[in-house]
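Note sheet for the following structure.
The values are calculated or read from the model by the stated rules, or taken from the named source; none is laboratory data. Keep in mind that this is a model prediction, so the values were computed, not measured. FYI the Cβ positions are ideal-geometry reconstructions off the backbone, even for glycines, and counts take in every protein chain you see. The area values use the complete protein model at the heavy-atom level, side chains included, leaving out ligands, DNA and RNA. Shrake-Rupley method; radii C 1.70, N 1.55, O 1.52, S 1.80 Å.
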Amino acid sequence: MSEVKLKRETNVLDVVEVENRIKELCQQLPHGITDQVIQNDMPHLEPQQRAMVINKLLSLGQLDLLRNSSGLLYRMKDTQGAGKMKGSDNQEKLVYQVIEDAGNKGIWSRDIRFKSNLPLTEVNKILKNLESKKLIKAVKSVAASKKKVYMLYNLQPDRSVTGGAWYSDQDFESEFVEVLNQQCFKFLQSKAEAAIDSKQSPMVQRNSSFATSHEVWKYICELGISKVDLSMDDIETILNTLIYDGKVEMSVIAAKEGTAGSVDGQMKLYRGVNAVIQPTGLVRTPCGLCPVFEDCHDGGEISPSHCVYMAEWLDF
């Protein structure tokens, strides 16, 4: 009987420790943590126990559940915001709740009016009041330059709103993307050249010419060419463009959980390659890559005579 009691106390202690650790992770990463972060930090924790602890923290109102482009996020409850709402009328609380439910993707004022069923003048008045209290903020969206979305003040806007690292003041940074493209390819090329210079067997040379996205990301960060913090996803986006250009190939291998650059037990490897044959002349023309090629014909809404891409290509 004493052994059973001892075992129960140990399990309760384990649950408390897990709860505290998840709270610590949320405090270290205030923008939110994913299941992968928890899994990497506590690899021996069973998925069922992890889900049980998270559900408990959610039910107690200690965590917020959000969704972004990469999946679900867990974040510490904004008790400060809830305290600031004390003394506010029901209409302000309703608008605040609508904005809070929208998460880091934000919500248009029109949708706030629709969900709250309040007059536009009243909604605008409440939004200004909440902004002055620094409970919410307005963020310009790349999807519509003249419109703003509203979200909680302490949230980091989703990439779909800001455009991520590729946008600055809603303008696409094509030169910045091109520089990253060149530097990523340069790194993979140097890796391949070093493998060839090693004079080892062909298979060893090929394997050593691969680099993980984490290695490429680290190289770009050390160069200091970016004014914004780039994520692994940002670098993988650049590497994907190199794959589409035929300059890089990718391979996926199994990896241990917690290994830098691994996701769900898999790791992506990249290597620079030389094109076997040069693309044909037709592929180099705008027609060779045009997504509406089948709809293009003389006299139609899409026609060669009115094609701006063809005109630019001929001028070049």
How many residues are more than 20 Å from V228 (Cβ to Cβ) and acidic (D, E) when one looks only at segment 176-193? 1
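Matching residues to (1) in a strand (DSSP E or B); (2) under 30 Å from M267 (Cβ atoms); (3) open to solvent by less than 60 Å² (accessible area, probe 1.4 Å):
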site	(1), (2), (3)
N104	no, yes, yes
K128	no, no, no
N154	no, no, no
E178	no, yes, no
A192	no, yes, yes
N207	no, yes, no
When you scan segment 253-263, how many residues do you find that are open to solvent by 30 Å² or more (accessible area, probe 1.4 Å) and either at pLDDT 85 or above or over 24 Å from A165 (Cβ atoms) (or both)? 6
Restricting segment 11-66 to residues that are out of contact with any helix residue (DSSP H, G or I) (no Cβ under 8 Å at 6 or more places or on another chain) and β-branched (V, I, T), which is nearest to K77 (Cα to Cα)? T34
Suppose we keep only residues that are of a type in the set (S, T, N, Q) and out of contact with any strand residue (DSSP E or B) (no Cβ under 7 Å at 6 or more places or on another chain) within segment 197-216. Which one would you say is nearest to F187 (Cα to Cα)? S208
Would segment 187-196 turn up any residue that is hydrophobic (A, V, I, L, M, F, W, C) and farther than 21 Å from V252 by Cα? yes
List pairs: first in segment 200-214 and without any contact (Cβ under 8 Å) to a residue 60 or more places away in the chain, second assigned to a helix (DSSP H, G or I), Cβ under 7 Å, 6+ apart or cross-chain? Q205/A195; Q205/I196; S208/A195; S213/M232; S213/I235; S213/E236; S213/L239; H214/M232
Could you say which residue among L45, L57, L25, L118 is open to solvent by less than 70 Å² (accessible area, probe 1.4 Å), at pLDDT 85 or above, more than 23 Å from G163 (Cα to Cα) and not in a helix (DSSP H, G or I)? L118
Since G163 meets every condition but one in (1) modelled with pLDDT of 85 or more; (2) surrounded by 16 or more Cβ atoms within 10 Å (Cβ to Cβ), which condition does it not meet? (1)
Taking the condition of being of a type in the set (A, V, I, L, M), more than 19 Å from M250 (Cβ to Cβ) and more than 29 Å from the chain's Cα centre (by Cα), how many residues in segment 197-235 meet it? 1
Look through E17, E3 and report the one residue that is at pLDDT below 85 and surrounded by fewer than 17 Cβ atoms within 10 Å (Cβ to Cβ). E3
Would a scan of segment 67-89 turn up a residue that is open to solvent by less than 90 Å² (accessible area, probe 1.4 Å), closer than 28 Å to W166 by Cβ, in contact with a Pro (Cβ under 9 Å, 6 or more places away or on another chain) and modelled with pLDDT of 85 or more? no
Condition met for V142 (within 21 Å of H31 (Cβ to Cβ), at pLDDT below 90 and open to solvent by 20 Å² or more (accessible area, probe 1.4 Å)): yes
Matching residues in segment 271-311 - criterion: being outside any loop (DSSP other than H, G, I, E, B), modelled with pLDDT under 75 and open to solvent by 90 Å² or more (accessible area, probe 1.4 Å): L282, R284, L289
A careful count of residues in segment 216-235 that are surrounded by fewer than 18 Cβ atoms within 10 Å (Cβ to Cβ) and part of a helix (DSSP H, G or I) gives 6
